[in-house]
1. Report yes if A:E66 is within 9 Å of chain B (Cβ to nearest Cβ), in a helix (DSSP H, G or I) and of a type outside the set (G, A, S), otherwise no.
2. Looking at the stretch A:114-143, I want the residues that are surrounded by fewer than 14 Cβ atoms within 10 Å (Cβ to Cβ) and have a partner that is modelled with pLDDT under 90 and among the hydrophobic types (A, V, I, L, M, F, W, C) with Cβ atoms under 7 Å, at least 6 apart or on another chain. Which pairs are those?
3. Need at least 3 residues that are out of contact with any helix residue (DSSP H, G or I) (no Cβ under 9 Å at 6 or more places or on another chain) per element, so show me which strands (runs of 3 or more DSSP E) inside the stretch B:10-63 make the cut, counting only ones lying wholly within it.
4. Quick check on my filter: what residues within the stretch B:88-102 are within 11 Å of chain A (Cβ to nearest Cβ), part of a loop (DSSP other than H, G, I, E, B) and surrounded by 15 or more Cβ atoms within 10 Å (Cβ to Cβ)?
5. Considering only residues that are in contact (Cβ under 8 Å) with a residue 24 or more places away in the chain, assigned to a loop (DSSP other than H, G, I, E, B) and within 7 Å of chain B (Cβ to nearest Cβ), which ones fall in the stretch A:76-87?
6. Please name all residue pairs, on different chains or six or more residues apart, with Cβ atoms under 9 Å, provided the first residue is in the stretch A:35-58 and is more than 11 Å from chain B (Cβ to nearest Cβ) and in contact (Cβ under 8 Å) with a residue 24 or more places away in the chain and the second residue is of a type in the set (F, W, Y) and open to solvent by 30 Å² or more (accessible area, probe 1.4 Å).
7. Is one or more of the residues making up the stretch A:109-128 facing chain B (nearest Cβ under 10 Å), within 25 Å of A:V46 (Cβ to Cβ), hydrophobic (A, V, I, L, M, F, W, C) and out of contact with any Ser or Thr (no Cβ under 8 Å at 6 or more places or on another chain)?
8. Mind checking which residues of the stretch B:1-60 are more than 22 Å from A:Q54 (Cβ to Cβ), open to solvent by 20 Å² or more (accessible area, probe 1.4 Å) and among the small types (G, A, S)?
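The values are calculated or read from the model by the stated rules, or taken from the named source; none is laboratory data. Note that the structure is predicted; figures quoted are calculated from it, not measured. With ideal geometry, Cβ positions are generated from the backbone for all residues, glycine too; neighbour counts draw on all protein chains shown. Ligands, DNA and RNA are excluded from the accessible area calculation, which covers all protein heavy atoms including side chains. Shrake-Rupley method; radii C 1.70, N 1.55, O 1.52, S 1.80 Å.
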2 protein chains.
Amino acid sequence: MFALDARLQQDTLPLGDFALCRLLLMNDAHYPWFILVPRREAISEVFQLSVVDQQVLWRETASLAEKLKGIFAADKMNIATLGNVVSQLHMHVIVRHEGDAAWPAPVWGKHPAEPYTDAQMASIKEKMQRALADNFSFTEVAR
Amino acid sequence: MFALDARLQQDTLPLGDFALCRLLLMNDAHYPWFILVPRREAISEVFQLSVVDQQVLWRETASLAEKLKGIFAADKMNIATLGNVVSQLHMHVIVRHEGDAAWPAPVWGKHPAEPYTDAQMASIKEKMQRALADNFSFTEVAR
(Lines give C-alpha, C1' and ligand atoms only; values in the text may rest on other atoms or scores of the structure.)
Protein backbone atom coordinates (compact mmCIF):
# COMPACT_ATOMS: atom_id res chain seq x y z
CA MET A 1 0.00 0.00 0.00
CA PHE A 2 1.39 3.34 -1.09
CA ALA A 3 1.21 6.09 1.51
CA LEU A 4 2.61 9.54 0.91
CA ASP A 5 5.41 10.56 3.27
CA ALA A 6 4.16 12.87 6.04
CA ARG A 7 6.68 15.61 5.29
CA LEU A 8 5.78 15.65 1.59
CA GLN A 9 2.11 15.77 2.53
CA GLN A 10 2.72 18.72 4.81
CA ASP A 11 4.79 20.77 2.33
CA THR A 12 2.76 20.21 -0.84
CA LEU A 13 -0.67 20.32 -2.43
CA PRO A 14 -1.79 17.21 -4.34
CA LEU A 15 -2.75 17.80 -7.98
CA GLY A 16 -3.51 14.28 -9.16
CA ASP A 17 -2.08 11.06 -10.54
CA PHE A 18 -0.22 10.00 -13.65
CA ALA A 19 -0.10 6.27 -14.42
CA LEU A 20 2.77 5.77 -11.98
CA CYS A 21 3.32 8.98 -10.05
CA ARG A 22 1.35 11.26 -7.79
CA LEU A 23 1.89 14.88 -8.82
CA LEU A 24 2.36 17.38 -6.00
CA LEU A 25 2.82 21.14 -6.03
CA MET A 26 5.28 22.45 -3.46
CA ASN A 27 3.44 25.10 -1.47
CA ASP A 28 6.07 27.74 -2.18
CA ALA A 29 5.16 30.68 -4.40
CA HIS A 30 8.83 31.48 -5.09
CA TYR A 31 8.97 28.97 -7.95
CA PRO A 32 6.58 26.65 -9.82
CA TRP A 33 7.99 23.60 -8.06
CA PHE A 34 6.44 20.19 -8.68
CA ILE A 35 7.18 16.77 -7.24
CA LEU A 36 6.47 13.34 -8.73
CA VAL A 37 6.15 10.43 -6.31
CA PRO A 38 5.94 6.89 -7.73
CA ARG A 39 3.01 5.17 -5.99
CA ARG A 40 5.14 2.25 -4.86
CA GLU A 41 6.00 1.06 -1.39
CA ALA A 42 9.37 1.26 0.31
CA ILE A 43 11.44 2.69 -2.56
CA SER A 44 14.13 5.28 -1.93
CA GLU A 45 16.43 4.94 -4.95
CA VAL A 46 15.39 5.00 -8.60
CA PHE A 47 17.20 1.74 -9.31
CA GLN A 48 15.03 -0.05 -6.75
CA LEU A 49 12.07 0.42 -9.09
CA SER A 50 11.45 -2.25 -11.74
CA VAL A 51 12.93 -1.43 -15.15
CA VAL A 52 9.43 -0.77 -16.50
CA ASP A 53 8.59 1.56 -13.60
CA GLN A 54 11.87 3.40 -14.18
CA GLN A 55 10.96 3.94 -17.82
CA VAL A 56 7.52 5.24 -16.85
CA LEU A 57 8.98 7.51 -14.16
CA TRP A 58 11.39 8.93 -16.69
CA ARG A 59 8.67 9.49 -19.31
CA GLU A 60 6.39 11.16 -16.77
CA THR A 61 9.28 13.32 -15.56
CA ALA A 62 10.52 14.42 -18.98
CA SER A 63 7.02 14.99 -20.32
CA LEU A 64 6.05 17.04 -17.26
CA ALA A 65 9.24 19.08 -17.54
CA GLU A 66 8.57 19.82 -21.20
CA LYS A 67 4.98 20.90 -20.52
CA LEU A 68 5.99 23.06 -17.55
CA LYS A 69 8.66 24.77 -19.63
CA GLY A 70 5.92 25.84 -22.03
CA ILE A 71 3.26 26.70 -19.47
CA PHE A 72 5.52 28.84 -17.30
CA ALA A 73 7.97 30.05 -19.99
CA ALA A 74 10.89 28.57 -18.02
CA ASP A 75 14.43 29.63 -18.74
CA LYS A 76 15.62 26.27 -17.40
CA MET A 77 14.03 23.18 -15.93
CA ASN A 78 15.69 21.61 -12.88
CA ILE A 79 15.11 17.88 -12.37
CA ALA A 80 16.42 16.11 -9.30
CA THR A 81 15.93 13.22 -6.94
CA LEU A 82 17.86 13.79 -3.71
CA GLY A 83 16.07 12.25 -0.74
CA ASN A 84 18.58 13.10 1.95
CA VAL A 85 15.77 14.26 4.24
CA VAL A 86 12.66 12.48 2.92
CA SER A 87 13.63 8.96 1.97
CA GLN A 88 10.47 8.12 -0.03
CA LEU A 89 11.55 8.34 -3.68
CA HIS A 90 10.42 11.64 -5.18
CA MET A 91 11.47 13.60 -8.25
CA HIS A 92 11.64 17.38 -8.16
CA VAL A 93 10.65 19.13 -11.40
CA ILE A 94 11.22 22.84 -10.91
CA VAL A 95 10.61 25.77 -13.23
CA ARG A 96 13.48 28.24 -13.07
CA HIS A 97 13.54 31.79 -14.32
CA GLU A 98 16.64 33.96 -14.58
CA GLY A 99 16.46 36.29 -11.63
CA ASP A 100 14.13 34.11 -9.53
CA ALA A 101 14.63 34.08 -5.75
CA ALA A 102 17.49 31.55 -5.84
CA TRP A 103 18.87 32.00 -9.38
CA PRO A 104 21.31 30.62 -10.46
CA ALA A 105 21.67 28.46 -7.34
CA PRO A 106 19.51 25.38 -6.76
CA VAL A 107 16.30 26.15 -4.84
CA TRP A 108 16.79 23.90 -1.81
CA GLY A 109 17.44 25.69 1.45
CA LYS A 110 17.58 29.14 -0.07
CA HIS A 111 14.39 30.71 1.28
CA PRO A 112 11.63 29.68 3.67
CA ALA A 113 8.59 28.57 1.66
CA GLU A 114 6.05 31.28 0.90
CA PRO A 115 2.60 29.63 0.84
CA TYR A 116 0.38 30.28 -2.18
CA THR A 117 -2.71 32.45 -1.83
CA ASP A 118 -6.00 30.84 -2.87
CA ALA A 119 -6.02 32.91 -6.05
CA GLN A 120 -2.47 31.85 -6.98
CA MET A 121 -3.33 28.19 -6.37
CA ALA A 122 -6.47 28.43 -8.48
CA SER A 123 -4.46 29.97 -11.31
CA ILE A 124 -1.86 27.21 -11.27
CA LYS A 125 -4.48 24.46 -11.08
CA GLU A 126 -6.32 25.97 -14.02
CA LYS A 127 -3.12 26.11 -16.10
CA MET A 128 -2.28 22.52 -15.21
CA GLN A 129 -5.77 21.27 -15.99
CA ARG A 130 -5.50 22.62 -19.51
CA ALA A 131 -2.02 21.14 -20.01
CA LEU A 132 -2.46 17.71 -18.46
CA ALA A 133 -5.78 16.64 -19.92
CA ASP A 134 -4.41 13.30 -21.16
CA ASN A 135 -3.08 10.49 -19.01
CA PHE A 136 -3.70 12.35 -15.83
CA SER A 137 -6.51 12.20 -13.28
CA PHE A 138 -6.95 15.26 -11.15
CA THR A 139 -7.43 14.76 -7.49
CA GLU A 140 -10.24 16.23 -5.48
CA VAL A 141 -8.56 16.02 -2.14
CA ALA A 142 -9.91 18.39 0.48
CA ARG A 143 -7.20 20.04 2.50
CA MET B 1 30.38 17.69 -33.26
CA PHE B 2 30.22 17.22 -29.50
CA ALA B 3 32.55 19.45 -27.49
CA LEU B 4 32.62 19.43 -23.71
CA ASP B 5 31.66 22.74 -22.10
CA ALA B 6 34.74 24.68 -20.94
CA ARG B 7 33.53 25.01 -17.34
CA LEU B 8 32.84 21.27 -17.06
CA GLN B 9 36.27 20.59 -18.52
CA GLN B 10 37.91 22.87 -15.97
CA ASP B 11 36.09 21.45 -12.93
CA THR B 12 36.30 17.73 -13.69
CA LEU B 13 38.54 14.84 -14.66
CA PRO B 14 37.42 12.69 -17.62
CA LEU B 15 37.02 8.98 -16.87
CA GLY B 16 35.71 7.65 -20.17
CA ASP B 17 32.65 7.05 -22.30
CA PHE B 18 29.47 5.03 -22.04
CA ALA B 19 27.51 4.43 -25.24
CA LEU B 20 25.90 7.86 -24.98
CA CYS B 21 27.55 9.80 -22.17
CA ARG B 22 31.00 10.96 -21.23
CA LEU B 23 31.68 10.20 -17.57
CA LEU B 24 33.43 12.92 -15.58
CA LEU B 25 34.62 13.02 -11.99
CA MET B 26 34.14 16.36 -10.27
CA ASN B 27 37.55 17.35 -8.90
CA ASP B 28 36.23 17.77 -5.37
CA ALA B 29 37.36 15.34 -2.70
CA HIS B 30 34.41 16.24 -0.44
CA TYR B 31 32.12 13.74 -2.19
CA PRO B 32 32.40 11.07 -4.89
CA TRP B 33 30.63 13.31 -7.42
CA PHE B 34 30.22 12.14 -11.01
CA ILE B 35 28.74 13.83 -14.06
CA LEU B 36 27.31 12.23 -17.20
CA VAL B 37 27.28 14.36 -20.36
CA PRO B 38 25.41 13.04 -23.43
CA ARG B 39 27.76 13.42 -26.41
CA ARG B 40 25.22 15.38 -28.41
CA GLU B 41 25.37 18.91 -29.72
CA ALA B 42 23.35 21.88 -28.51
CA ILE B 43 21.14 20.12 -25.95
CA SER B 44 20.27 21.78 -22.65
CA GLU B 45 17.05 20.03 -21.57
CA VAL B 46 16.51 16.26 -21.32
CA PHE B 47 13.38 16.44 -23.46
CA GLN B 48 15.41 17.86 -26.36
CA LEU B 49 17.12 14.48 -26.68
CA SER B 50 15.48 11.88 -28.91
CA VAL B 51 13.29 9.40 -27.05
CA VAL B 52 15.92 6.70 -27.59
CA ASP B 53 18.71 8.92 -26.27
CA GLN B 54 16.56 9.74 -23.24
CA GLN B 55 16.13 6.04 -22.51
CA VAL B 56 19.87 5.46 -22.81
CA LEU B 57 20.68 8.48 -20.64
CA TRP B 58 18.33 7.16 -18.00
CA ARG B 59 19.77 3.63 -18.13
CA GLU B 60 23.34 4.95 -17.91
CA THR B 61 22.34 7.24 -15.02
CA ALA B 62 20.45 4.64 -12.99
CA SER B 63 23.04 1.94 -13.60
CA LEU B 64 25.90 4.26 -12.62
CA ALA B 65 24.02 5.32 -9.49
CA GLU B 66 23.46 1.71 -8.49
CA LYS B 67 27.12 0.81 -9.00
CA LEU B 68 28.35 3.88 -7.13
CA LYS B 69 26.08 3.08 -4.22
CA GLY B 70 27.84 -0.25 -3.91
CA ILE B 71 31.39 0.94 -4.58
CA PHE B 72 31.27 3.81 -2.11
CA ALA B 73 28.73 2.40 0.38
CA ALA B 74 26.49 5.42 -0.16
CA ASP B 75 23.75 6.25 2.31
CA LYS B 76 21.89 8.02 -0.51
CA MET B 77 22.46 8.73 -4.17
CA ASN B 78 21.61 12.22 -5.45
CA ILE B 79 20.72 12.49 -9.13
CA ALA B 80 20.09 15.86 -10.74
CA THR B 81 20.18 17.84 -13.94
CA LEU B 82 20.10 21.57 -13.20
CA GLY B 83 22.08 23.54 -15.77
CA ASN B 84 21.41 27.02 -14.47
CA VAL B 85 25.10 27.92 -14.88
CA VAL B 86 26.39 25.42 -17.48
CA SER B 87 23.73 25.03 -20.15
CA GLN B 88 25.20 21.90 -21.80
CA LEU B 89 22.99 19.05 -20.59
CA HIS B 90 24.72 17.16 -17.79
CA MET B 91 23.50 14.78 -15.12
CA HIS B 92 24.98 14.85 -11.63
CA VAL B 93 25.27 11.47 -9.89
CA ILE B 94 26.55 12.10 -6.40
CA VAL B 95 27.39 9.70 -3.59
CA ARG B 96 26.15 11.02 -0.27
CA HIS B 97 27.09 9.84 3.20
CA GLU B 98 25.38 10.86 6.40
CA GLY B 99 27.63 13.44 7.96
CA ASP B 100 29.46 14.41 4.74
CA ALA B 101 30.49 18.05 4.28
CA ALA B 102 27.04 19.20 3.11
CA TRP B 103 24.73 16.57 4.63
CA PRO B 104 21.72 16.64 4.49
CA ALA B 105 21.74 19.65 2.17
CA PRO B 106 22.45 19.32 -1.56
CA VAL B 107 26.14 19.69 -2.42
CA TRP B 108 25.98 22.69 -4.76
CA GLY B 109 27.45 25.90 -3.43
CA LYS B 110 28.20 24.51 0.03
CA HIS B 111 32.00 24.36 -0.01
CA PRO B 112 34.77 25.37 -2.41
CA ALA B 113 36.00 22.30 -4.27
CA GLU B 114 38.93 20.49 -2.68
CA PRO B 115 41.04 19.01 -5.49
CA TYR B 116 41.97 15.33 -5.27
CA THR B 117 45.53 14.32 -4.56
CA ASP B 118 47.15 12.03 -7.13
CA ALA B 119 46.81 9.09 -4.74
CA GLN B 120 43.09 9.77 -4.18
CA MET B 121 42.49 10.02 -7.92
CA ALA B 122 44.35 6.78 -8.58
CA SER B 123 42.26 5.04 -5.94
CA ILE B 124 38.97 6.22 -7.45
CA LYS B 125 40.03 5.32 -10.98
CA GLU B 126 41.03 1.87 -9.85
CA LYS B 127 37.65 1.32 -8.13
CA MET B 128 35.81 2.53 -11.22
CA GLN B 129 37.85 0.37 -13.56
CA ARG B 130 36.83 -2.73 -11.66
CA ALA B 131 33.16 -1.70 -11.58
CA LEU B 132 32.67 -0.42 -15.13
CA ALA B 133 34.36 -3.13 -17.15
CA ASP B 134 31.36 -3.62 -19.44
CA ASN B 135 29.91 -1.07 -21.84
CA PHE B 136 32.47 1.55 -20.92
CA SER B 137 35.70 2.67 -22.55
CA PHE B 138 38.18 4.37 -20.31
CA THR B 139 39.79 7.51 -21.54
CA GLU B 140 43.51 8.12 -21.56
CA VAL B 141 43.33 11.87 -21.62
CA ALA B 142 46.44 13.62 -20.34
CA ARG B 143 45.70 16.59 -18.15
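1. yes
2. These pairs meet every condition: A:Q129/A:F138.
3. Counting at least 3 such residues, we get B:12-17.
4. Within the stretch B:88-102, B:L89, B:D100, B:A102 qualify.
5. The initial filter retains those residues of the stretch A:76-87 that are in contact (Cβ under 8 Å) with a residue 24 or more places away in the chain, namely A:78, A:80-83, A:85-87.
From what is left, the residues that are assigned to a loop (DSSP other than H, G, I, E, B) are A:82-83, A:85-87.
A:L82, A:G83, A:V85, listed by residue number.
6. Hits for this filter: A:V37/A:F2; A:P38/A:F2; A:R39/A:F2; A:R40/A:F2; A:E41/A:F2.
7. No, there is no match, as no residue in the stretch A:109-128 is facing chain B (nearest Cβ under 10 Å), within 25 Å of A:V46 (Cβ to Cβ), hydrophobic (A, V, I, L, M, F, W, C) and out of contact with any Ser or Thr (no Cβ under 8 Å at 6 or more places or on another chain).
8. Within the stretch B:1-60, B:A3, B:A6, B:A29, B:A42, B:S44 meet the criteria.
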